Amino acid sequence: MRYRRAIEKLQALAEACDSDKGWPPEDPFLLEAYVFGDVVQGADPLECVEVVLVLNLPPQDVIWESNPHGTMWLADRLRLNKGGFAYWWRSHLDSISNHHIRGPVRFWSHDGPDEGVFRALAERRFDELPRRTPPPYAQREQQAAELEAALSHLRAVHAPYWDRDWRREHHGSGRYPEHDLWEAVHGFLDLHDAAESRGLGGASATT
């Protein structure tokens, strides 16, 4: 994908986010949207546009690499599965950044698309982008908390995996129980390996 096309797709996504920001009216589900990776580095061409969608859910409901309840509908509305995007969900109570999401830039909020960000991207003024980068100690604390949450989630999926009622509840709309198990395993291992590589003792979480 050429860089110019990536920016066009990001602008279309911001407009789609703006169209759905009022759902549900009493407690909006989607709060913010960020971009990171190749787009904010100016790569041309690039493989995909990497984005983060921030949800009005607590951290325990937005486990790393999972698809929280309600996100399938939202991904469809935002056309995230139509090609060209790689996307992740984050809780509004968690840091946006983690071991994978580095230097994210907010391009949409309930105030609308950030025109300053889009101008900077269009003009390739990458040093002017307002990147979110927490201090190292906050990153370590966040990673440890996410690892513990991912392990708890994996256990919660593994324990009832063969229960017929659980499998029935997790089957539908193109998803199967295997999706939940794979996401739980992948999310935990990804965080575990990142902790190990940074010397944070990720392996101890398995005890």
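The values are calculated or read from the model by the stated rules, or taken from the named source; none is laboratory data. Given the structure is predicted, the values throughout are model-derived calculations rather than measurements. Cβ coordinates were reconstructed from backbone atoms using ideal geometry, including for glycine residues, and neighbour counts include every protein chain displayed. Accessible surface areas use protein heavy atoms only, side chains included; no ligands, DNA or RNA. Shrake-Rupley method; radii C 1.70, N 1.55, O 1.52, S 1.80 Å.
Results for (1) within 18 Å of Ala195 (Cα to Cα); (2) exposed (fewer than 13 other Cβ atoms within 10 Å of the Cβ), shown as yes or no for each residue.
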| position | (1), (2) |
| --- | --- |
| Arg140 | yes, no |
| Leu151 | yes, no |
| Val157 | no, no |
| Arg164 | no, yes |
| Gly174 | no, yes |
**OP:** Specify the residue that is nearest to Phe188 (Cα to Cα); the eligible residues are those in the stretch 131-155 that are out of contact with any strand residue (DSSP E or B) (no Cβ under 9 Å at 6 or more places or on another chain) and basic (Lys, Arg).
**Re:** Arg155
**OP:** Can you confirm whether the stretch 42-58 contains a residue that is surrounded by fewer than 18 Cβ atoms within 10 Å (Cβ to Cβ), more than 26 Å from Leu181 (Cα to Cα) and in contact (Cβ under 8 Å) with a residue 60 or more places away in the chain?
**Re:** yes
**OP:** Output the number of residues of the stretch 79-108 satisfying the condition of being surrounded by fewer than 18 Cβ atoms within 10 Å (Cβ to Cβ), of a type in the set (S, T, N, Q) and not in a loop (DSSP other than H, G, I, E, B).
**Re:** 0
Subject >> Considering residues of the stretch 1-40 that are outside any loop (DSSP other than H, G, I, E, B), of a type outside the set (S, T, N, Q) and over 21 Å from Arg119 (Cβ atoms) only, the residue least open to solvent (accessible area, probe 1.4 Å) >> reply: Leu30
Subject >> Contacts under 6 angstrom Cβ, first residue in the stretch 169-185 being more than 14 Å from Ala159 (Cα to Cα) and among the hydrophobic types (A, V, I, L, M, F, W, C), partner loosely packed, with under 13 Cβ neighbours inside 10 Å and at pLDDT below 95, 6 or more apart >> reply: none
